[in-house]
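Peer 1: The structure under discussion is supplied below as structure tokens; questions concerning it will follow.
The values are calculated or read from the model by the stated rules, or taken from the named source; none is laboratory data. The structure presented is a predicted model; accordingly, all values stated were derived computationally and were not measured. Glycine gets a Cβ as well: all are built from the backbone with ideal geometry, and neighbour counts include every protein chain shown.
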């Protein structure tokens, strides 16, 4: 077993930032991870870490990991809140993922509960499952909401000086820590201006999205809109609807009034 540098005592991070969000709570869900045809984790004793500035992360008791597939390495990282992390490389058949699993073997005093738990880089696994449904991108946060609400308020999307969508039958999607998104029926979208792209993204709360670019007046707007043709069961009301990036269109009008344009990680300068 890998042994990280000894780091007992109080966490320097909490000394500087005592109000830092760092929750480590039991999850009632059975969680499995698959890699190259093998189930490398299968646990009903999962812990969920919610840390400020980070996506939620599942931690597993090391006893629930198929450790025969893992080899400890000399790689090490440091967190001012948790301590020094040890790493393991995963090898199943002919596939290898280096330093893909980590654990805080000697955590700081405030985080002793994470000792003997391990975590994994999500996107380097083949699939993750909660109970018997596949989940995407990262662990779901039980304190996050995604509300999909029908609205008959008129919505207009303007791009390249053209109205590319206009409807009174949109679904407004209110998602924690995201701008409001407006999902529009394809019949109310200028589909003649859109073309599918190869881009895909994953969301644990909605599913796998595919994207459209728009071509208007000779200008191409890459990946300006998206849709979910097979949303997760908890979010069926957005199926096949199309949403445009508020950040990157000319403007979105609701009730004839422009919506404030947000600045997000998806904003294009």
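Peer 1: From the set of residues in region 25-38 that are in contact with a strand residue (DSSP E or B) (Cβ under 8 Å, 6 or more places away or on another chain) and surrounded by fewer than 12 Cβ atoms within 10 Å (Cβ to Cβ), which is modelled with the highest pLDDT? Steps first, answer last, please.
Peer 2: Start the filter on region 25-38 by keeping residues that are in contact with a strand residue (DSSP E or B) (Cβ under 8 Å, 6 or more places away or on another chain), which leaves 25-27, 29-38.
Those still in the list that are surrounded by fewer than 12 Cβ atoms within 10 Å (Cβ to Cβ) too: 25-26, 37.
Values: 25: 92, 26: 93, 37: 96.
Among them, the one singled out is 37.
Peer 1: Residue under question is residue 118, and the condition is that it be surrounded by 18 or more Cβ atoms within 10 Å (Cβ to Cβ), outside any loop (DSSP other than H, G, I, E, B) and modelled with pLDDT under 95; does it hold? So that I can check it myself, show each step before the final result.
Peer 2: Values: surrounded by 18 or more Cβ atoms within 10 Å (Cβ to Cβ): yes; outside any loop (DSSP other than H, G, I, E, B): yes; modelled with pLDDT under 95: no.
Criteria not met by residue 118.
Peer 1: I'd like to verify a number: residues in region 221-252 that are crowded, with 16+ Cβ neighbours inside 10 Å and either closer than 16 Å to residue 167 by Cβ or touching a helix residue (DSSP H, G or I) at 6+ places or on another chain (Cβ under 8 Å) (or both), how many?
Peer 2: Number of matching residues: 12.
Peer 1: Determine if region 171-190 includes at least one residue that is in contact with a strand residue (DSSP E or B) (Cβ under 7 Å, 6 or more places away or on another chain), without any contact (Cβ under 8 Å) to a residue 12 or more places away in the chain, over 23 Å from residue 122 (Cα atoms) and assigned to a strand (DSSP E or B).
Peer 2: If we filter region 171-190 for residues that are in contact with a strand residue (DSSP E or B) (Cβ under 7 Å, 6 or more places away or on another chain), which is where we start, we get 171-175, 180-186, 188-190.
When the remaining residues are screened for being without any contact (Cβ under 8 Å) to a residue 12 or more places away in the chain, the result is none.
No: region 171-190 contains no residue that is in contact with a strand residue (DSSP E or B) (Cβ under 7 Å, 6 or more places away or on another chain), without any contact (Cβ under 8 Å) to a residue 12 or more places away in the chain, over 23 Å from residue 122 (Cα atoms) and assigned to a strand (DSSP E or B).
Peer 1: Across region 89-115, what is the total count of residues that are surrounded by fewer than 15 Cβ atoms within 10 Å (Cβ to Cβ) and either in contact with a strand residue (DSSP E or B) (Cβ under 6 Å, 6 or more places away or on another chain) or in contact (Cβ under 8 Å) with a residue 60 or more places away in the chain (or both)?
Peer 2: 4
Peer 1: Additional query: Read through the list (1) surrounded by fewer than 17 Cβ atoms within 10 Å (Cβ to Cβ); (2) farther than 20 Å from residue 45 by Cα; (3) touching a residue at least 60 places away in the same chain (Cβ under 8 Å); (4) more than 22 Å from the chain's Cα centre (by Cα), then give the number of the only condition that residue 162 fails.
Peer 2: Against the list (1) surrounded by fewer than 17 Cβ atoms within 10 Å (Cβ to Cβ); (2) farther than 20 Å from residue 45 by Cα; (3) touching a residue at least 60 places away in the same chain (Cβ under 8 Å); (4) more than 22 Å from the chain's Cα centre (by Cα), residue 162 comes up short only on (3).
Peer 1: Out of curiosity, is residue 63 modelled with pLDDT of 95 or more, surrounded by fewer than 17 Cβ atoms within 10 Å (Cβ to Cβ) and part of a strand (DSSP E or B)? Before the answer, list the steps.
Peer 2: Working: modelled with pLDDT of 95 or more: yes; surrounded by fewer than 17 Cβ atoms within 10 Å (Cβ to Cβ): yes; part of a strand (DSSP E or B): no.
For residue 63, the condition - modelled with pLDDT of 95 or more, surrounded by fewer than 17 Cβ atoms within 10 Å (Cβ to Cβ) and part of a strand (DSSP E or B) - is not met.
Peer 1: Further question: Looking only at region 216-228, count how many residues are in contact with a strand residue (DSSP E or B) (Cβ under 7 Å, 6 or more places away or on another chain) and at negative phi. Full working, then the answer.
Peer 2: Going residue by residue through region 216-228, those that are in contact with a strand residue (DSSP E or B) (Cβ under 7 Å, 6 or more places away or on another chain) are 216, 220-228.
Now restrict to residues that are at negative phi: 216, 220-222, 224-228.
The qualifying residues number 9.
This table checks each residue for (1) surrounded by 12 or more Cβ atoms within 10 Å (Cβ to Cβ); (2) not in a loop (DSSP other than H, G, I, E, B).
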position: 10; (1), (2): no, no
position: 23; (1), (2): yes, yes
position: 40; (1), (2): yes, yes
position: 48; (1), (2): yes, yes
position: 55; (1), (2): yes, no
position: 71; (1), (2): yes, yes
position: 75; (1), (2): yes, yes
position: 84; (1), (2): yes, yes
position: 87; (1), (2): yes, yes
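Peer 1: Can you tell me which residue within region 133-145, out of those that are outside any loop (DSSP other than H, G, I, E, B) and over 13 Å from the mean Cα position of the chain (by Cα), is nearest to residue 261 (Cα to Cα)?
Peer 2: Residues of region 133-145 outside any loop (DSSP other than H, G, I, E, B): 133-135.
Now drop any that are not over 13 Å from the mean Cα position of the chain (by Cα), which leaves 133-134.
On the way: 133: 36, 134: 34 Å.
Among those residues, the one meeting the criterion is 134.
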